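So the structure is just underneath, and the comments pick up after that.
The values are calculated or read from the model by the stated rules, or taken from the named source; none is laboratory data. In this text, all values refer to a predicted model and were calculated from it rather than measured experimentally. Ideal geometry is used to build each Cβ from the backbone, glycine not excepted, and the neighbour counts take in all protein chains shown.
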Amino acid sequence: MRQRSRHGDRHERRELVASTELNAWADWPHLGQVGQLSYRCERHGEISQETSYFITSLTPQQASPGQLLRLMRGHWGIENRLHWVRDVVFDEDRCQVRSGAAPQVMAAVRNTVIGMLRLSGARNIAAASRMCAWHAERAIALVTRRIPIMQ
């Protein structure tokens, strides 16, 4: 399955190849398919390429190569929406909390805040976070759900 897309000056090409040939000799329960995803991006004359491999329990009848490609892109959409926000907006990588269960608790709190902001209609988490920092009544409203955070 080949897919090409263009986003502004960025030209992307993805090629996914899936196979069930490994299933005949691999002793892995629920093995459906193995595959390779090749990605090539050209932007401003610079080319970057990546190749990744995957294993899935989905059989060819359950997911064609095109469907597998959509599932994989959907996964990265989720990854980017959540982890990018945690890394960039909340500067998670520089957090000093590192002992016991505290890092997991802080990650859960960040995820909860992101989810609450998204549910309130915020499209820009950074702007919504600043709004809550500047206007405590809006942060309280977010938790009590009395009014939308972004008006």
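Quick rundown of the values:
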{"read-out": "Residue that is on the phi < 0 side of the Ramachandran plot, surrounded by 14 or more Cβ atoms within 10 Å (Cβ to Cβ) and touching a Pro at 6+ places or on another chain (Cβ under 9 Å), where the choices are 16, 58", "value": "16"}
{"read-out": "Inter-residue pairs, beta-carbon under 6 Å, first within 17 Å of residue 49 (Cα to Cα) and in the stretch 1-26, second part of a loop (DSSP other than H, G, I, E, B), 6+ apart", "value": "16/1"}
{"read-out": "In the stretch 66-108, the residues that are charged (D, E, K, R), surrounded by 11 or more Cβ atoms within 10 Å (Cβ to Cβ) and at pLDDT below 85", "value": "73, 81"}
{"read-out": "Where residue 124 falls short, out of the listed (1) farther than 30 Å from residue 1 by Cβ; (2) outside the structural domain of residue 140 (by TED's automatic domain parsing)", "value": "(2)"}
{"read-out": "Selection count where residues are acidic (Asp, Glu) and either under 19 Å from residue 69 (Cβ atoms) or touching a strand residue (DSSP E or B) at 6+ places or on another chain (Cβ under 8 Å) (or both), scope the stretch 22-55", "value": "2"}
{"read-out": "Test: residue in the stretch 23-31 that is part of a helix (DSSP H, G or I), surrounded by fewer than 15 Cβ atoms within 10 Å (Cβ to Cβ) and modelled with pLDDT under 90", "value": "yes"}
